[in-house]
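First up is the structure itself, then whatever we jot down about it.
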Amino acid sequence: MSSFLALRDQLSAPIIAAPMFLVSNPTLALGTCAQGMIGSFPAHGTRSPEMLAQWLDEMDAGIRELKAHKGVDAIAPYAVNVVVHASNPRMKGDLDLLEKRQVPIVITSKSAPGDVVRRIHDYGGLVLSDIATRRHAEKCAQAGVDAVIAVCGGAGGHCGRINPFALINEIREVFDGPIVLAGGITTGQDVLAAQVM
């Protein structure tokens, strides 16, 4: 993948279905990808590295089948969210597996992405990083992420507290790349408002 902006222009709608813990799975992610939007799931939603590998198998097989039936350009890629905080005992193994399987988009959360960006970029993948403050955005900009996900008030995981207007303004002071908005977006009107911002 060349860039997040090039990918965005290929989507049927500029939407990433959030990687919801204990909700998102390959079936939901593939259904989203089939509609031309980015489907996702969290690595920590699987109960073991073996289950994560199984889910990646399901995604790869499902994407191949969808492309065979609907055409390559009609199917969006998928993303896997990985907690990159040192307290995650599965972080190294999960990242090794995502790198080995060349997952198209990796969403990092709970810490600055550090070396993850280089590892994912080395095979042509994209890195999006959750941020909830200006300082988080600065760290992600320094790491070279492809986009930040502004986790605002109303977003899942309950870590976003800032109004989207305020957070977007703070992010723009330190990061000039693409911003994905998360939090309380449920309608097409919400998507349009996010695009205008």
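The values are calculated or read from the model by the stated rules, or taken from the named source; none is laboratory data. Just so you know, these numbers come straight off a predicted model, no measurement behind them. Cβ coordinates were reconstructed from backbone atoms using ideal geometry, including for glycine residues, and neighbour counts include every protein chain displayed. Quick note on the areas: whole protein, heavy atoms, side chains included, nothing else; ligands and nucleic acids left out. Shrake-Rupley method; radii C 1.70, N 1.55, O 1.52, S 1.80 Å.
A Cβ-based charge dipole, computed about the Cα centre of the chain with Lys and Arg at +1 and Asp and Glu at -1, lands at about 280 debye. Among beta bridges from DSSP that stay inside the chain, the antiparallel ones total about 0%.
How high is the FRET efficiency between Val196 and His85 when r is their beta carbon distance and R₀ equals 35 Å, given to the nearest 0.05? Plugging the Cβ-Cβ distance into 1/(1 + (r/R0)^6) gives 0.60. Placing pseudo-labels 7 Å out from each Cα toward the beta carbon at Arg135 and Gln102 gives an inter-label distance of 3.9 nm.
Of all aspartates and glutamates in the structure, those lying under 19 Å Cα to Cα from Lys100, and not within fewer than 8 positions of it along the same chain, are Glu50, Asp57, Glu58, Asp60, Asp115, Asp122.
Amide H contacts for Ser129 (H built 1.01 Å from N in the peptide plane; partners 5 or more residues away or on another chain; cut-off under 5 Å): Thr108, Ala147, Val148, Ile149. Applied to region 171-181, the Karplus parametrisation 6.51 cos²θ - 1.76 cosθ + 1.60 on θ = phi - 60° returns per-residue 3J(HN,Hα) values of 4, 4, 6, 10, 9, 9, x, x, 10, 9, 9 Hz, with x for Gly and Pro. Remark: region 27-35, residue by residue, has Karplus-estimated 3J(HN,Hα) of 4, 5, 4, 5, x, 5, 4, 5, 8 Hz, where x stands for each Gly or Pro and the curve is 6.51 cos²θ - 1.76 cosθ + 1.60 at θ = phi - 60°.
Sorting 183-191, 126-134 by average packing, meaning the other beta carbons within 10 Å per residue, from highest down gives 126-134, 183-191. A 1.4 Å probe run over the chain, with the rest of the protein chains in place, finds 50 Å² accessible per residue.
Evaluated with a Cβ-only charge set (Lys, Arg +1; Asp, Glu -1), region 37-93 carries a dipole of roughly 160 debye about its Cα centre, given to the nearest 20. Computed from the C-alpha gyration tensor, the three semi-axes of the ellipsoid equivalent to region 21-173 are 26, 18, 15 Å, from longest to shortest. Name the shape class, rounded, prolate or oblate, that the alpha-carbon gyration tensor gives for region 30-106, where a ≥ b ≥ c are the square roots of its eigenvalues, rounded holds for a/c under 1.5, and otherwise prolate holds if a/b is larger than b/c and oblate otherwise. Judged from the Cα gyration tensor, region 30-106 comes out prolate (a/c at least 1.5, a/b above b/c). In the chain, taking the dipole from charged Cβ atoms about the Cα centre, the farthest positive-side position among Leu11, Pro77, His44 is held by His44. Placing unit charges on the Cβ atoms only, positive for Lys and Arg and negative for Asp and Glu, gives region 111-197 a dipole magnitude near 160 debye about its Cα centre. Peptides 140-150, 14-24 ranked from most to least packed by the mean count of surrounding Cβ atoms within 10 Å: 140-150, 14-24. Using a Förster radius of 30 Å, what is the FRET efficiency between Ala6 and Thr186 based on their Cβ-Cβ separation? Nearest 0.05, please. According to the calculation, E is roughly 0.65. Ligands, DNA and RNA left out, the accessible area of the chain computed with a 1.4 Å probe is 54% carbon and sulfur.
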